[in-house]
Amino acid sequence: MSAGARPLGPVPAGFGAIDGELAIAGLRASELVARAGNTPLFVYSAALIRARVTELRQALPARVALHYAVKANPFAPLLALLAELVDGFDIASGGELALALAAGIAPGRISFAGPGKRDDELAAALAAGVTINLESEGEAARALAIAASLGLRARLAIRVNPDFDLKGSGMKMGGGAKPFGVDAALVPALARHIVAQGAEWRGFHIFAGSQSLDAEAIITAQRETLALAMRLAAEAGVALVHCNLGGGFGIPYFAGDQRLDLPRIGAALDAGLPALPARFADTGFCVELGRYLVGEAGVYLTRIVDRKHSHGETFLVCDGGLHHQLAASGNFGTVVRRNYPLANASRFAAPAEEIATVVGCLCTPMDRLAERAHLPQSAVGDLVALFCAGAYGASASPAAFLGHSPAAEMLV
Ligand SMILES: *Cc1c(COP(=O)(O)O)cnc(C)c1O
């Protein structure tokens, strides 16, 4: 790397080059753009998603079901693919419920978490037979009343706000005062109440954090999660029918990030679950993963429309930007802006020769896709690939900002 360059994140495994050009699932970037009709676009590799699921199935005990958190990427063809590959789906809105049902996912495989569920969302979920992960006592009361008015038996689980969080996680979602879940101390009484009201009791959902690359921290959080779930079930005097162990499996976005040691997590579960007391022999377990399943399988392709110099710096100006891929600009859940993995897709096999800052087309200084990246000599018309774009991309970015068109998406 030349002096002054900032490192780029690691390009995920599984991408190749054909005649020097980036290839995704054996198709050249330029061919994918031709199929879409234009840039920018998101391309998701079905083969990479399948490979990731296989890797997870091999590492985790068969007793631990695999759930997909739809908020990571709700693209319909991708949901349809995952419907064949994973066991359960976690949704967080009525809109995601509609998408999951439209993808042909059986309601019995769906659970609905998330704060601020409206009455109409609860009614739709209850009518479909989806499990509601209750976020508060008030929500429990509304869900029970809506179920009664519809003449249905609600399937209810409690999302617990644990007294711990996932160490080193990018986004903490447990520990202390939180809008998510019911404080552990209040859970036993609520569980008893739900059961007494005749609801179908579905257990606990405990999610302690996101984007951790530290297997030991995840193992510790899972151990604490299990212990908490067992204690709360015992205090409530209810069976632990199901325990969602959360997720938090991270992917490497930045230079220096080490891959998560998945086999180590699997080995700890393999050792821990059979050692549980006999009364938990029938408890179902799952992990719920978003970015780990789909993040590295996605690439955002955008075209360089201008090349300019300002005060000694080279800028490559693209037709995409943070309105499609907010996370890469450093404005989605990161404190310090660091470079995502990025490459000149048209010259994927060429050596790096220049330092350039890659920016998007939005009229805001926030729209930076890579800062002082060491790249091959790049020209107007070249395609730029931003990797790790399979999760929290298209659906997590302000697509309407500045009136640009949404990006195309395709699963190949
Ligand atoms: C966001 C979220 C997930 C997915 O997180 P990833 O970091 O993408 O794996 C899973 N469960 C819950 C409750 C979430 O809010």
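If you go through the stretch 229-256, how many residues are touching a His at 6+ places or on another chain (Cβ under 7 Å) and free of Cβ contacts under 8 Å to residues at least 60 places away in the same chain? Lay out the reasoning, then the answer.
Restricting attention to the stretch 229-256, the residues satisfying the condition of being touching a His at 6+ places or on another chain (Cβ under 7 Å) are 244.
Those left that are additionally free of Cβ contacts under 8 Å to residues at least 60 places away in the same chain: none.
Residues in the stretch 229-256 being touching a His at 6+ places or on another chain (Cβ under 7 Å) and free of Cβ contacts under 8 Å to residues at least 60 places away in the same chain: 0 in total.
Within the stretch 178-185, is there a residue that is within 16 Å of the ligand (Cβ to nearest atom) and surrounded by fewer than 15 Cβ atoms within 10 Å (Cβ to Cβ)? Within the stretch 178-185, one or more residues are within 16 Å of the ligand (Cβ to nearest atom) and surrounded by fewer than 15 Cβ atoms within 10 Å (Cβ to Cβ).
Being buried (at least 17 other Cβ atoms within 10 Å of the Cβ) and assigned to a loop (DSSP other than H, G, I, E, B) is the requirement here; does ALA379 meet it? Spelling it out, it is not the case that ALA379 is buried (at least 17 other Cβ atoms within 10 Å of the Cβ) and assigned to a loop (DSSP other than H, G, I, E, B).
Sort out for me the strands (runs of 3 or more DSSP E) sitting completely within the stretch 254-360 that have 2 or more residues that are within 30 Å of GLU96 (Cβ to Cβ). First the steps, then the outcome.
Values: elements: 284-289, 298-310, 313-318, 342-344, 354-359.
By residue number, 284-289, 298-310.
Within the stretch 137-151, is even one residue within 16 Å of the ligand (Cβ to nearest atom) and either under 26 Å from THR220 (Cβ atoms) or of a type in the set (A, V, I, L, M) (or both)?
Checking the stretch 137-151: not a single residue is within 16 Å of the ligand (Cβ to nearest atom) and either under 26 Å from THR220 (Cβ atoms) or of a type in the set (A, V, I, L, M) (or both).
From the list GLY266, GLY272, GLY320, exactly one residue is assigned by TED's automatic domain parsing to the domain that holds ALA34 and small (Gly, Ala, Ser). Which is it? Write out each step before concluding.
Values: GLY266 fails: assigned by TED's automatic domain parsing to the domain that holds ALA34; GLY272 fails: assigned by TED's automatic domain parsing to the domain that holds ALA34.
Checking each option against the conditions leaves just GLY320.
If the condition is being of a type in the set (A, V, I, L, M), within 30 Å of the chain's Cα centre (by Cα) and not in a helix (DSSP H, G or I), then the stretch 138-156 contributes ALA154, LEU156.
So that you can scan it fast, the table gives a plain yes or no per residue for (1) surrounded by fewer than 22 Cβ atoms within 10 Å (Cβ to Cβ); (2) more than 30 Å from VAL182 (Cα to Cα):
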| position | (1), (2) |
| --- | --- |
| GLY26 | yes, yes |
| VAL43 | no, yes |
| GLU55 | yes, yes |
| ALA69 | no, no |
| PHE89 | no, no |
| GLU96 | no, no |
| ALA100 | no, no |
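Checking each residue of the stretch 308-325 against the condition of being surrounded by fewer than 24 Cβ atoms within 10 Å (Cβ to Cβ) and aromatic (Phe, Trp, Tyr) gives at least one match.
When only residues in the stretch 219-255 that are among the β-branched types (Val, Ile, Thr) and under 14 Å from PRO162 (Cβ atoms) count, which is surrounded by the most Cβ atoms within 10 Å (Cβ to Cβ)? Please lay out each step first, then the result.
Keep residues of the stretch 219-255 that are among the β-branched types (Val, Ile, Thr), which gives 219-220, 225, 238, 241, 251.
Among the residues that remain, those that are also under 14 Å from PRO162 (Cβ atoms) are: 220, 225.
Details: THR220: 16, THR225: 25.
Among residues in the stretch 219-255 that are among the β-branched types (Val, Ile, Thr) and under 14 Å from PRO162 (Cβ atoms), the one surrounded by the most Cβ atoms within 10 Å (Cβ to Cβ) is THR225.
May I ask you to list the residues in the stretch 102-113 that are within 16 Å of the ligand (Cβ to nearest atom) and surrounded by fewer than 19 Cβ atoms within 10 Å (Cβ to Cβ)?
Here is the first cut: in the stretch 102-113, the ones within 16 Å of the ligand (Cβ to nearest atom) are 109-113.
Hit for the stretch 102-113 is ARG109, nothing else.
Can you run down the residue pairs with Cβ atoms below 7 Å, 6 or more apart or on separate chains, where the first is in the stretch 62-74 and β-branched (Val, Ile, Thr) and the partner is part of a strand (DSSP E or B)? These pairs meet every condition: VAL64/PHE285; VAL64/CYS286; VAL64/VAL287; VAL70/PHE89; VAL70/ASP90; VAL70/ILE91. Does the stretch 86-93 include one or more residues that are within 15 Å of the ligand (Cβ to nearest atom) and out of contact with any Phe, Trp or Tyr (no Cβ under 8 Å at 6 or more places or on another chain)? There is at least one residue in the stretch 86-93 that is within 15 Å of the ligand (Cβ to nearest atom) and out of contact with any Phe, Trp or Tyr (no Cβ under 8 Å at 6 or more places or on another chain).
Whenever a residue of the stretch 199-222 is in contact (Cβ under 8 Å) with a residue 24 or more places away in the chain and among the aromatic types (Phe, Trp, Tyr), its partners that are part of a strand (DSSP E or B) and within 15 Å of the ligand (Cβ to nearest atom), lying with C-beta atoms within less than 6 angstrom and at least six residues away or across chains, give the pairs PHE204/ILE158; PHE204/VAL160; PHE204/CYS243. In summary, THR220 fulfils each of the numbered conditions (1) within 16 Å of ALA184 (Cβ to Cβ); (2) away from the ligand (no atom under 14 Å from the Cβ) with the single exception of condition (1).
Just the residues that are farther than 15 Å from TRP201 by Cα and within 15 Å of the ligand (Cβ to nearest atom), please, taken from the stretch 114-134. Reasoning before the result, please.
Of all residues in the stretch 114-134, those farther than 15 Å from TRP201 by Cα come to 114-125, 127-128.
Scanning the stretch 114-134 gives GLY114, PRO115, GLY116, LYS117.
The values are calculated or read from the model by the stated rules, or taken from the named source; none is laboratory data. Keep in mind the model is a prediction, meaning the values are calculated, not measured. No Cβ is skipped: glycine too gets one built from the backbone with ideal geometry, and neighbour counts run over all protein chains shown.
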